[in-house]
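Just so it is clear, none of the values below were taken in a lab; they were calculated from the coordinates. Keep in mind that this is a model prediction, so the values were computed, not measured. Neighbour counts run over all protein chains shown; Cβ positions are idealised from the backbone, glycine included.
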Amino acid sequence: AVVGDAVSAAADGLAGLQQAAASCTLCPLHCAATQTVFGEGPERAEIMIVGEQPGDQEDLAGRPFVGPAGKVFDTVAAEVGLDRSRTYVTNAVKHFKYEPRGKRRIHQKPNQGEVQACRFWLSQEIQLVQPKLIVAMGATAYYALTDGRERLEDVRGRPLPIEGGRILFVTVHPSYLLRIPDEARKADELARYRQDLARVGQMA
Ligand code: URA
């Protein structure tokens, strides 16, 4: 039913697609998650930003990149003049995957099957938004968009032509930056991420 719903919903644009995705059961992640966290942004944004999956706060809020990783993205994007409200922000996987630990919910990486199942939604978002430039933040997004298995460092920071005449640009995921314990290294990596997003702003 999900597939049938989505096919007819796509005719209603992103809002219809989002509505269909709200009852998605294409993989088991919907069982434990609070809700589907769909992408958001203008219907015809030139830039699409793709993350991995919603985190704890996104799962509760129902919006992508509103938690700690989202704050890093927002801050750096603002610093380099990349206006988030003009981009379409989404995730490779649209349900939060976690392991309960006491009162906390610990993020778990989505597996290949989950990423593949959720491509059903990501590819339709791309068809509707028709972005010129897609930014993959992290390896999961890169894999979801290309099937590519290259190391992130080998594809990072330069425009890559992909199908549909679009450009793919790969950078790290902002939560990677939050996990770097060493302050000096963190500052360096943050500077590289800033450089990447500045590049994105210039390309659009
Ligand atoms: N990390 C992601 O990849 N996406 C979000 O929406 C939040 C955190």
Cut-off under 5 Å, modelled amide H: who pairs with Gly55 long-range: Phe65
Total charge dipole magnitude, the chain, about the Cα centre, Cβ charges on Lys, Arg, Asp, Glu only, Debye to nearest 20: 340
All aspartates and glutamates inside 15 Å of Lys97 as judged from Cα atoms, apart from same-chain residues fewer than 8 positions distant: Glu52, Asp56, Glu58, Asp59, Glu114
Out-of-range pairs (alpha-carbon distance over 24 Å; input Lys94/Lys132; Lys109/Lys132; Lys71/Lys109; Lys71/Lys94): Lys109/Lys132
Placed amide H near Tyr98: partners under 5 Å, 5+ positions off or other chain: Gln108
Global geometry of the range 56-191, whether rounded, prolate or oblate, following the gyration tensor of its Cα atoms and the 1.5 cut on a/c: rounded
Fewest-first ranking of Cys118, Cys24, using other Cβ atoms within 10 Å as the exposure measure: Cys24, Cys118
Residue-wise HN-Hα coupling along the range 28-40, computed from phi with Karplus coefficients 6.51, -1.76, 1.60 (Hz; x: Gly, Pro): x, 5, 5, 5, 9, 6, 5, 6, 6, 9, 8, x, 8
The chain: most fluctuating residue of Glu99, Glu125, Glu40 per GNM, C-alpha cutoff 10 Å: Glu99
Amide H contacts under 5 Å for Val135, placed H, 5+ residues apart: Met48, Ile49, Val50, Phe169
Within the range 66-204, percent of DSSP bridges classed antiparallel, to nearest 5: 55
